[in-house]
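Written below as structure tokens is the structure these notes are about.
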Amino acid sequence: MKADDERDDETLTDRAYRQIEELIVTLALPPETILSEQSLAQRLGIGRTPIREALQRLARDGLVVILPRRGILVSQINLKTQMRLLEVRRELERLMARGAAERATPAETARFAGIARDMRLASDQADDMTFMRLDRALNDLVSQAARNEFAARAMGLMHGLSRRFWYQHYREAGDLPLSARLHADLADAIARRDADAAGKASDLLIDYIESFARKTIET
């Protein structure tokens, strides 16, 4: 599945949000970087109004902090925050994985199958950027297919922080091929409409993510 396939109806605010989030998550904009609407508008070739709206969304996600009269600060990465986040994420991920397996449309199950295939390829190639983009595509598709707007809204506050934490530490503490395979197993279970398998795959993925987070203390 190509990441651009679902972007035909993307607004300028959506595009600004996606591009700035990727810059933050991949540490191209490191923690404590001071941003400005003008510099981001020039960098991305997008007007200041969509940039402003995107930054407001990123502030709600916890990736930036808006400082009155000073600019926008990329938020810090905090292990304790990450562990608290995972406590909530485990329950919501399982709920949404099972819901997606039960409620996905045929078109959505085909997309889950495509993500599973591409995740396995990313695993074989240890391709970090492809993995990151597929991870976001999988998160968005699960949120859509589960058809629970309350769970989706809560999960939306966690995914960007989780991806950034992983990207910061995966080279010294992570196993990218294993992580990609676990994501592929989750996508495959949903594609097969097996709610029990999807719930188990979700728990196994969170088990790995918790183990990874703890390893960052030791490295």
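The values are calculated or read from the model by the stated rules, or taken from the named source; none is laboratory data. Model, not experiment: these values are computed from the prediction. Reconstructed Cβ throughout: ideal geometry from the backbone, glycine too, with neighbour counts over all protein chains shown. The accessibility values were calculated without ligands, DNA or RNA, using every heavy atom of the protein model including side chains. Shrake-Rupley method; radii C 1.70, N 1.55, O 1.52, S 1.80 Å.
Every test in (1) open to solvent by less than 50 Å² (accessible area, probe 1.4 Å); (2) under 15 Å from the mean Cα position of the chain (by Cα); (3) among the acidic types (Asp, Glu) is passed by residue 140 save one, and that test is (1). Restricting attention to the range 48-81, the residues that are more than 19 Å from residue 22 (Cβ to Cβ) and either part of a helix (DSSP H, G or I) or over 21 Å from the mean Cα position of the chain (by Cα) (or both) add up to 11. Six or more apart or on different chains, Cβ atoms under 6 Å: show the pairs whose first residue is in the range 1-28 and hydroxyl-bearing (Ser, Thr, Tyr) and whose second is modelled with pLDDT under 95. Sorted first by the residue in the range 1-28, then by its partner, the pairs are 17/57; 26/167. Within the range 178-198, the residues that satisfy the criterion of being open to solvent by less than 40 Å² (accessible area, probe 1.4 Å) and either closer than 21 Å to residue 216 by Cα or in contact with a strand residue (DSSP E or B) (Cβ under 7 Å, 6 or more places away or on another chain) (or both) are 179, 180, 182, 183.
Of the residues making up the range 50-86, those that are surrounded by 13 or more Cβ atoms within 10 Å (Cβ to Cβ), of a type in the set (S, T, N, Q) and in contact (Cβ under 8 Å) with a residue 12 or more places away in the chain are 75, 81, 82.
Would it be correct to say that residue 13 is surrounded by fewer than 17 Cβ atoms within 10 Å (Cβ to Cβ), over 15 Å from the mean Cα position of the chain (by Cα) and of a type outside the set (D, E, K, R)?
Details: surrounded by fewer than 17 Cβ atoms within 10 Å (Cβ to Cβ): no; over 15 Å from the mean Cα position of the chain (by Cα): yes; of a type outside the set (D, E, K, R): yes.
Criteria not met by residue 13.
The single condition among (1) surrounded by fewer than 18 Cβ atoms within 10 Å (Cβ to Cβ); (2) charged (D, E, K, R); (3) under 27 Å from residue 170 (Cα atoms); (4) touching a residue at least 60 places away in the same chain (Cβ under 8 Å) that residue 120 does not meet is (1).
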